[in-house]
1. Return the FRET efficiency for the residue pair T81, D387: r is the Cβ-Cβ distance, R0 is 35 Å, and the value is rounded to the nearest 0.05.
2. Relative contact order for the range 252-395: what percent, with Cα pairs under 8 Å and sequence separation of 6 or more?
3. Per residue, how much space in cubic angstrom lies within the convex hull of the C-alpha atoms of the range 218-277?
4. Once you order the gyration tensor axes a ≥ b ≥ c over the Cα atoms, which shape class does the range 131-179 get: rounded for a/c under 1.5, otherwise prolate or oblate by comparing a/b with b/c?
5. Principal axis extents for the chain, Cα atoms only, whole Å, descending order, please.
6. Just for the Cα atoms in the range 80-142, what are the lengths along the principal axes, largest first, rounded to whole Å?
7. Roughly how many nanometres apart are two label points built 7 Å out from the Cα toward the Cβ at S361 and L199?
8. Report Rg/Rh for the range 252-395, rounded to two decimals, where Rg is the Cα radius of gyration and Rh the Kirkwood radius.
Amino acid sequence: MKRWNCFFLLMALMLALCACAPVGGQTPAPPSEAPSQGTGPSNTEQIVPHWDEMDWSGHLELDYAQMFSVDYSPDGYKRITIDKDAYLVVPELDPVPEGTPEDVTILRQPIRNIYLQATAAMDCFRQLDAMDAVTMSGTQAEGWYIPEARQAMEEGRMVYAGKYSAPDYELIQSQGCGLALESTMIYHNPEVKEQLERLGIPVLVERSSYEAHPLGRMEWVKLYGALLNREAEAEAYYDAQLEKLEPVLEREGTGKTAAFFSVASNGSVTVRKSGDYIAKAIGLAGGVYVPQGLSQEENALSTMNIQMETFYSEAIDADILIYNSTIEADLQTIEQLVAKSPPLADFKAVQNGNVWCTGKSMFQESQSVGEVILDIHRILTEEKGADGSLTYLYRLT
C-alpha cells in the first residue's frame, strides 16, 4: 500500500511540473529583457549627438555682462564661454557628444559638492537658494561675512577644504566634488588647477570682477542659474534688482563729488582706478568720482596706491568721503580716521561730517552692487536723512 502511495505522489509532482512549463519549452525573459512593444527601437537606445552637428541657436540674453556667454541646444545641453575657456553642461542622463574638443570642460548635472574658492560667487548661490550645492570652502568660517556661509560651516554643512594654493585633494576627491569654483588667483598656482583636473574634478575660473560695468557683475547670477538649472530664478532676481535701480538710473547727476579710499599703514592712500566698477557705481548713483584720470595700468588690479599729497590735492574739496574698511580695520568715528592721517582733517567732507564707511560684507556679497548704488545715491541726495536707511554704508560720527 505504501508503494502505491509513493507512486501516486510521484505522478502528481510530475503533472504539476508540466503544468508550470512554458508552451513550446521556451523560458520567459525577465521583465528587464522583455521585447519592447511596436516596431521602433528599444527605449534604452540613446542617440549620441556629434559636437560638430549640434544646434546652438538658443542664447542667454545679457544686458551688461561681457565676460561670459551661454548657448542652448534643443536637447538640453548648454555651452558656456568664460573669457577664452569653454564648458559644456551635460544633462544628467545624456551622453557627452562625440567629437567634443579636449579643451572643453565637461560639467555634468546636477552640479553638486562644489569646492568654492571664489568667495564672490557665494552670494549668487545664496540669492538662488542653492547654497546646498556648495559643500566645501576655501575660506575658514571666521573669514566669511555672509551669515549663511558662516552658519553652514559652523553646522558642518560646508567644510574647509584648504585655500586655493594648498587644497586638500584627498578630502575634495572623497566628497565627490562636481566642480572646483576658483578665483583668478588660481593662475598664480597653475599646478593646483592641473592636479584637480588630473583627479577628474572640473575647474571653472570665476571672472565677474573683470566686468567693466557694475551691473555686469550683478548679471553673473544668470551664469550660476544656468549651471544649476535655475535660469528662471536668476532672471527674476536680476530683474527685481534692475527695477529697484531704475528710478535712480533715470535721474540726472547731482554734480557732487565722492572719493572712495583707504589709508595704508605706511601713510599712502589706496584708491580705485577711474574705470573701476566702484568709480562707475558712484557715477550711476548720480555722483562724480574723484580722483579723476587715474592711469589704467595693464594689470587687472582695480586699485592703485598714491601719496597722501596727491590725494589731498585731488579730493580735499570732495563732497563725500567713503572709507573702505574691508582693507583696514573698521572705523566708527571721524577722529579715528584723522588719527590714521592728520591731513584728512582739512577735507571739506570731514569738516561737514559727510564721511561714510563700508561694511565688511560688501565685497563678498557680489550681488550688493545694486544696493551699493542705492546707498550712494541716498547719501548724495538725502545727506543727513540717509542715516539708518543704508545697507552697506554707515556714517562716521
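1. 0.20
2. Dividing the mean separation by the residue count of the range 252-395 yields 26 percent.
3. 141
4. It is oblate, given that a/c is not under 1.5 and a/b is not larger than b/c.
5. Its Cα atoms span 125, 48, 43 Å along the three principal axes.
6. That works out to 45, 27, 19 Å along the principal axes.
7. Computed distance between label sites S361 and L199 equals 3.1 nm.
8. With Rh from the inverse mean 1/r over Cα pairs, Rg/Rh is 0.92.
Every number in this text was worked out from the coordinates using simple rules, so none of it is lab data. Computed from a predicted structure; not experimentally measured. Reconstructed Cβ throughout: ideal geometry from the backbone, glycine too, with neighbour counts over all protein chains shown.
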